[in-house]
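Data first, discussion second: the structure below is written as structure tokens.
The values are calculated or read from the model by the stated rules, or taken from the named source; none is laboratory data. Everything quoted here is computed from the prediction, not taken from an experiment. Quick reminder, even Gly has a Cβ in these numbers, built from the backbone with ideal geometry, and neighbours come from all protein chains shown.
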2 protein chains.
Amino acid sequence: MSAPTDSDLWPDIQPDAARRLLRAGLDSFAERGYHATTTRDVATAAGMSPAALYVYFPSKAALLFEISRDGHQKTLGLVEQSLAHAGSTTDKMRYFVRIFVAWHARRHTIARVVQYELRSLPAKEYQVVRGLRRNIEAGVRALLGSGVEHGEFDVPDLHTAATVVLSLGVDVARWYSEKHPKTPEQLGDEYAELVLRMLRAG
Amino acid sequence: MSAPTDSDLWPDIQPDAARRLLRAGLDSFAERGYHATTTRDVATAAGMSPAALYVYFPSKAALLFEISRDGHQKTLGLVEQSLAHAGSTTDKMRYFVRIFVAWHARRHTIARVVQYELRSLPAKEYQVVRGLRRNIEAGVRALLGSGVEHGEFDVPDLHTAATVVLSLGVDVARWYSEKHPKTPEQLGDEYAELVLRMLRAG
């Protein structure tokens, strides 16, 4: 598996200079942490001047916010895709765990920055991201609740089960690397099987 | 639940000044990240001069290493305690998940610094910590393997199952706070039940 390009990561961001800055910000935050990174570091890594950076992002915080907002929006998209997936709730949950785990393996650098630098977001930006996180959690709880309602899942505590399902996916980003013998999708399949056991599905 | 004191965290570290420095290092690394923290920041937070810090820790890296080594040693202790626990392998695994999850909830700040700043350790120190991590993983795999051998567990892939069990505990540190409605032990019990389901125990 080769490292993703800037346009793999942010196909919808234009122009190319903004994407380059996001990538430089991502790599610097992942390497040294948000607080140890200056806007000059990011601009230099993107081959630009600090002044040019401000054309696209008014601050370092705006850059982190864009990485975080986009990452959360994409994982919320995975939840929505799963809720709309054909088949039983068991099928939807299998599909969700598979794509959620695979995303966190493939996008481990983004996921790490998104999760570990959450507290570095300014208050207003944090609220926006928090709203997205609540929607992600609510979506997973809806999936679990629907499984219970249809007699497909046995769940002692919806809140804990939702946390565990999300936790398993998120934590893959902490340790996964391209050197891992399993592909993101293989891992996703294994995790899906384990989660369905946990829910006593099928 | 009240915040832990320095002597709760490091009862075996002497003298008090060294403990105060560990605590100041821990809080600063957790707040701003390792790279954005200077030895002066740590010394000031501990109410000491940078020169006094060097009496106990030759560098900022030595401080991170001590936090990391001690944290890993303690979690390895939990694995060893569980292997030696009375009863069936199912009992040992239930006990392990309970104390491992509770530890990561109660010691969430230590666990976060230990996990997220792993790559900030110098090469030699990283090797020591890596050895401890391998022993932790091997212990959990031994627990799983013994359960399979005794016909107590059904595990599709030992390596993935060990990763998942550890992941569930470690990730609690990412989101747990003292405001959470459940105590570390309540959470530990719920997680233990879910893990045993995953292993098709009992």
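Structure notes:
- Residue within segment A:127-136 that is within 21 Å of A:D189 (Cβ to Cβ) and small (G, A, S) present: no
- Candidates A:T38, A:T5: the one that is within 14 Å of chain B (Cβ to nearest Cβ), free of Cβ contacts under 8 Å to residues at least 60 places away in the same chain and β-branched (V, I, T) is A:T38.
- Within the option set A:R197, A:R133, being within 12 Å of chain B (Cβ to nearest Cβ) and closer than 24 Å to B:A192 by Cα holds for one residue only, A:R197.
- Some residue of segment A:49-65 being among the polar types (S, T, N, Q), surrounded by fewer than 19 Cβ atoms within 10 Å (Cβ to Cβ) and modelled with pLDDT of 95 or more: no
- A:R106 being within 16 Å of the chain's Cα centre (by Cα), buried (at least 20 other Cβ atoms within 10 Å of the Cβ) and not polar (S, T, N, Q): yes
- Boolean, B:E190 is free of Cβ contacts under 8 Å to residues at least 40 places away in the same chain and either within 14 Å of chain A (Cβ to nearest Cβ) or on the phi > 0 side of the Ramachandran plot (or both): yes
- Cross-chain or 6+ apart pairs with Cβ under 6 Å, segment B:173-187 first and touching a residue at least 12 places away in the same chain (Cβ under 8 Å), then part of a loop (DSSP other than H, G, I, E, B): B:E178/B:M1
- Restricted to helices (runs of 4 or more DSSP H) entirely inside segment A:1-92, those with at least 1 residues that are closer than 19 Å to A:R107 by Cα and touching a Lys or Arg at 6+ places or on another chain (Cβ under 8 Å) are A:6-9, A:16-32, A:60-83.
- Candidates B:A46, B:A86 - the one that is farther than 23 Å from B:Y176 by Cβ, assigned by TED's automatic domain parsing to the domain that holds B:R133 and without any contact (Cβ under 8 Å) to a residue 60 or more places away in the chain: B:A86
- Selection from segment A:171-186 of residues that are surrounded by fewer than 21 Cβ atoms within 10 Å (Cβ to Cβ), within 10 Å of chain B (Cβ to nearest Cβ) and not in a loop (DSSP other than H, G, I, E, B): A:R174, A:W175, A:Q186
- Selection status of A:F100, surrounded by 19 or more Cβ atoms within 10 Å (Cβ to Cβ), under 24 Å from A:P11 (Cα atoms), assigned by TED's automatic domain parsing to the domain that holds A:D171 and within 9 Å of the chain's Cα centre (by Cα): yes
- Condition check for A:F29: surrounded by 17 or more Cβ atoms within 10 Å (Cβ to Cβ) and in the same structural domain as A:S146 (by TED's automatic domain parsing): no
- Residue in segment A:143-160 that is under 23 Å from B:Q115 (Cα atoms), without any contact (Cβ under 8 Å) to a residue 24 or more places away in the chain, within 10 Å of chain B (Cβ to nearest Cβ) and not in a helix (DSSP H, G or I) present: no
- Filtering A:V114, A:V101 for residues that are within 14 Å of chain B (Cβ to nearest Cβ) and either in contact with a Phe, Trp or Tyr (Cβ under 6 Å, 6 or more places away or on another chain) or among the polar types (S, T, N, Q) (or both) leaves a single hit, A:V101.
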